[in-house]
Amino acid sequence: MQIHSQIPELRRALANRGRVVLVPTMGNLHAGHIALMTEARAHGDTVVASIFVNRLQFGPSDDFDLYPRTLQDDCDKLSAAGVDLLFAPSESDLYPEAQQYHVEPPPSQNQLDGEFRPGHFRGVATVVLKLFNIVQPQAALFGKKDYQQLMVLRNMTRQLALPIDIIGGETVRADDGLALSSRNGYLSAAERYEAPRLQRLLQRIGTAIRAGETDFARLEREAASELDQHGWKTDYIAVRRQADLQLPDDDRKQALVVLAASRLGAARLIDNLEIDARDGR
Ligand code: PAF
């Protein structure tokens, strides 16, 4: 695997590489990232991973300084996964001057995660557009665990007419259902034992909706209250339309997704569950 930190070098290395597929990451790679790398191989000739902890998407009380940086270990995993090139710029490689031009997603960026992390999606969209311009991939993969992020990036790509296929990768889970995340490393042993409750509650909401429940607000309230009773601090649990993450309407066939973010100790965990169109009743 070639490793580049400088943009001109990377561009030279990418000349005549056929269809390029990019998997952007912030490093501290786990099996979820590696599944994206493996899937990327099916979508092109050259798989490029990037590792960059993007200051622009962290708020003042977020974990930018704490965020685990594990480059050597990440390189070993990427190499073993058959990734062709790694782009791992330093902050001064990617932001040699203060970034004054930004991608401003529409006001829906301020709901769900955006309500609790103001400016987060602006920072994500800005760095991803920059990575797209540097790597010029024909396809890019992002995990569905960050569901709202995937939607923001899909919409950005479509609205700015970028010639890039955006592919969502399924969430990879531990045996007990916990979605793999770099932030799971912040959990104590007791919190790690408690953490799968989040996915279990989402499954319970999914089962209720598939069985015909339409009082989504009650389901959300009950799940949040159960989390709170077990020591979590919940930012949101929300049933939304898959298509645009807006509130569901009365169309019983719409595909839904339930999204959640809650804090357990020092970790802010997010997860979601897609619920198929409700036409089976
Ligand atoms: O999902 C992530 O790891 C980051 O938000 C991304 C897409 C690499 C942008 O920094």
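The values are calculated or read from the model by the stated rules, or taken from the named source; none is laboratory data. Predicted model, so just to flag it, every value in this text is computed and none were measured. Backbone-built Cβ (ideal geometry, glycine too); neighbour counts: all protein chains shown. Quick note on the areas: whole protein, heavy atoms, side chains included, nothing else; ligands and nucleic acids left out. Shrake-Rupley method; radii C 1.70, N 1.55, O 1.52, S 1.80 Å.
What value does the range 125-274 have for Rg/Rh, both radii from Cα atoms and Rh as Kirkwood defines it?
Taking Rg over the Kirkwood Rh, I get 1.01.
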Task: Separation of alpha-carbon centers, the range 110-171 and the range 53-95, rounded to whole Å - done: 17 Å
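By average Cβ neighbour count within 10 Å, what is the ranking of 148-154, 222-228 from highest down?
Put in order of decreasing packing, that is 148-154, 222-228.
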Task: Order of exposure, largest accessible area first, which applies to His230, His120, His43 with probe 1.4 Å - done: His230, His43, His120
- [ ] Kindly sort Tyr186, Tyr101 by accessible area of their heavy atoms, largest first, with the probe set to 1.4 Å.
- [x] Tyr101, Tyr186
Task: Dipole in debye (nearest 20) - the range 120-169, about Cα centre, beta carbon charges: Lys, Arg +1; Asp, Glu -1 - done: 120 debye
Open item on the list: Going by amide H atoms built from the backbone, whose H comes under 5 Å of the H on Thr234, apart from near neighbours?
Closed with: Arg263
Task: Pairwise FRET efficiency - Gln246 versus Asp63, Cβ, R0 = 30 Å, nearest 0.05 - done: 0.55
Open item on the list: Starting from the 7 Å offset along Cα-to-Cβ, what nm value, one decimal, do you get for the label separation of Arg218 and Ala161?
Closed with: 5.0 nm
TODO: Find the accessible area per residue for the chain; the probe is 1.4 Å, ligands and nucleic acids are left out, and the unit is Å².
DONE: 48 Å²
Open item on the list: Just to confirm the number: angle between the C-alpha axis of helix 147-159 and the first principal axis of the chain, 0 to 90 degrees, nearest 10?
Closed with: 60 degrees
Open item on the list: Compute the angle between helix 31-41 and the longest alpha-carbon principal axis of the chain, please, reported from 0 to 90 degrees and rounded to the nearest 10.
Closed with: 60 degrees
Open item on the list: Using the basic label-point model (7 angstrom from Cα toward the beta carbon), what is the Ala80 to Arg204 distance in nanometres?
Closed with: 3.7 nm
Task: Inter-label distance, nm, simple model (7 Å from Cα along the C-beta direction), Ser5/Arg55 - done: 1.6 nm
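May I ask you to compute the full-extension gain from Glu274 to Gln72, defined as 0.36 nm times their residue separation minus their alpha-carbon distance, rounded to one decimal in nm?
Stretched out fully, the Glu274 to Gln72 stretch lengthens by 69.2 nm.
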Open item on the list: Using the Cα centre of the chain as origin and beta-carbon charges of +1 (Lys, Arg) and -1 (Asp, Glu), tell me which of Gln99, Gln72, Ala140 is placed farthest towards the positive end of the dipole.
Closed with: Ala140
Open item on the list: For a Förster distance of 51 Å, can you work out the FRET efficiency between the beta-carbons of Ser92 and Tyr193, rounded to the nearest 0.05?
Closed with: 0.75
Task: Loop GluC sites (Glu not before Pro), the range 89-119, which have at most 13 other Cβ atoms in a 10 Å radius of their Cβ (DSSP) - done: Glu97
Task: Acute angle (nearest 10 degrees) that the helix 120-135 long axis makes with the longest principal axis of the chain, alpha-carbon atoms - done: 30 degrees
Open item on the list: Just to check, using Stokes-Einstein with a Kirkwood Rh over alpha carbon pairs, what's the diffusion coefficient of the range 94-208 at 25 °C and 0.890 mPa s in µm²/s?
Closed with: 151 µm²/s
Open item on the list: At a 10 angstrom cut-off on C-beta neighbours, averaged per residue, how do the peptides 200-209, 55-64, 241-250 rank from highest to lowest?
Closed with: 200-209, 55-64, 241-250
Open item on the list: Show me, bin by bin at 5 Å from 0, the whole-percent P(r) of the chain based on Cα pairs.
Closed with: 1, 5, 12, 16, 18, 17, 13, 9, 5, 2, 1, 0
TODO: Can you send over the carbon and sulfur percentage of the accessible area for the chain, probe radius 1.4 Å, protein chains only?
DONE: 50 percent
Task: Dipole moment magnitude, nearest 20 debye, the chain about Cα centre, only Lys, Arg, Asp, Glu C-beta charged - done: 360 debye
